[in-house]
Amino acid sequence: MRIDRIIEQADHPLFSFEFFPPKTDAGERVLGLALESLRQLSPDFVSVTYGAGGATRARTPELTKWIKNELGIEAMAHLTCVGASRDELRGLLDEMTAAGIENVLALRGDPPRGQSEWSPHPGGLSYSTELVELIHEGYDVCVGAACFPEVHPQAADLAHDLRYLKEKVDRGVSFLITQLFFDTELYVRFVEEARAIGIEIPIIPGIMPVTNLHQLTTMTEMCGATIPPPLREALEWRSHDPEAVLQLGVSYATLQCAELLAAGAPGVHFYTQNRSHATRAILSALQLHRPWEPRPGLGGGDGSPRPTVRALV
């Protein structure tokens, strides 16, 4: 089922997970255990990444098809412009749509490992806007895209970033998933600014539970996300104790998700790193607590409802 239709028909916030194609047999076993564990939480959809620099390009459609057809979970394949000609991209899209895949996340992609600068394939595309257009014009699929609450690392500023994002939306994007972030206010402000320039599609916050301090530092450096000083200090103080880091990471992400959902976010997309324990704990707590439901005495001080950045239109 197309994700835009899932969103339209939902009477609850959407919860989704991101996985990446494993490169080893051990990685496949870890992913299999994670998928089986998280499937029990009834995710609305999962997404499968393209791999750094398109390194696991061939495995993305394969894993996406398996999740959708064998596990019965709606799945979305990532697709990037990296290292592929227009014809090769169309070939991948032909393969996906023939297998019943109805959802694609269109991205420009990062440079291949070992390269500092991004360069297009000689017969390929230079920008994600072009990829969105190629997909939208030739295939009956739902197209999603990424957005950056803290501004894309290569954008001059938020205004330029939002103008480019609006162009992607105008070319056929149906929903957005944010890059990871750790401050709810960043999402609130970003949604407000996006709405102000006419971006009205759902904006789903992307959350990565902190489970490993070194991994967190690497990820944030890659995508330009910032770690609030109090959180960084608390994590570094526990750096000698991996279990304590994990416990704090799960607690922080649970509170952050609760804030986002109470403010009206249309759901949460979890960057799982192919592991289930942290995400399972967070989502189980959210499903029990249901912070998106209004509660007496939890609105404004005068009894008014809480402020909302509701992204469903």
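The values are calculated or read from the model by the stated rules, or taken from the named source; none is laboratory data. Bear in mind that the values here come from a model prediction, so they are computed numbers and not experimental data. Here the Cβ positions follow ideal geometry from the backbone for every residue, glycine too, while neighbour counts run over all protein chains shown. For accessibility, only protein heavy atoms count, side chains too; no ligands or nucleic acids. Shrake-Rupley method; radii C 1.70, N 1.55, O 1.52, S 1.80 Å.
For the stretch 165-229, the per residue solvent-accessible surface stands at 39 Å², with DNA, RNA and ligands left out and a 1.4 Å probe. Sorted from greatest to least, the principal axis extents spanned by the alpha carbons of the stretch 216-290 come out as 33, 26, 25 Å. Entry note, the chain: relative contact order of 19 percent, from Cα contacts under 8 Å with a spacing of 6+ residues. Taking a straight line from the alpha carbon of Lys23, these lysines sit under 24 Å away, with near neighbours fewer than eight places off in the same chain left out: Lys65, Lys68. Each other residue within a Cβ distance under 13 Å of Glu36 adds +1 if Lys or Arg and -1 if Asp or Glu, for a net charge of +2.
Each 10 Å bin from zero up to the one holding the largest Cα-Cα distance in the stretch 62-107 carries the following percent of pairs: 28, 54, 17, 1. Relative to its residue count, the stretch 122-268 spans a Cα convex hull of 130 Å³ per residue. Using the Cβ-Cβ distance between Glu28 and Ala244 with R0 set to 45 Å, the FRET efficiency from 1/(1 + (r/R0)^6) comes to roughly 0.90.
Put simply, the amide H of Val268, placed in the peptide plane, has neighbours under 5 Å in Leu14, Phe15, Ser16, leaving out anything fewer than 5 places away on its chain. Using the alpha carbons alone, the radius of gyration of the stretch 169-211 stands to its Kirkwood radius in an Rg to Rh ratio of 1.02.
With each label modelled as a point 7 angstrom along the Cα→C-beta vector, the Ile197-Ser126 pair spans 2.0 nm. Would you list which aspartates and glutamates come within 14 Å of Lys168, measuring only between C-alpha atoms, while excluding same-chain residues fewer than 8 positions from it? Correct list for Lys168: Glu130, Glu133, Glu137, Glu200.
Taking a sphere under 14 Å around the Cβ of Val210 and counting the other residues whose Cβ falls inside, with K and R at +1 and D and E at -1, yields a net charge of -2. The 3J(HN,Hα) values that the Karplus relation (6.51, -1.76, 1.60; θ = phi - 60°) gives for the stretch 213-223 are, in residue order, 5, 5, 4, 4, 4, 4, 5, 5, 5, 5, 9 Hz. Gly and Pro appear as x.
Translational diffusion of the chain was estimated from the Stokes-Einstein equation, with Rh taken as the Kirkwood radius over Cα pairs; at 10 °C and 1.306 mPa s the coefficient is 79 µm²/s. Based on Cα atoms of the stretch 1-103, Rg over Rh with Rh as the Kirkwood radius reads 0.97.
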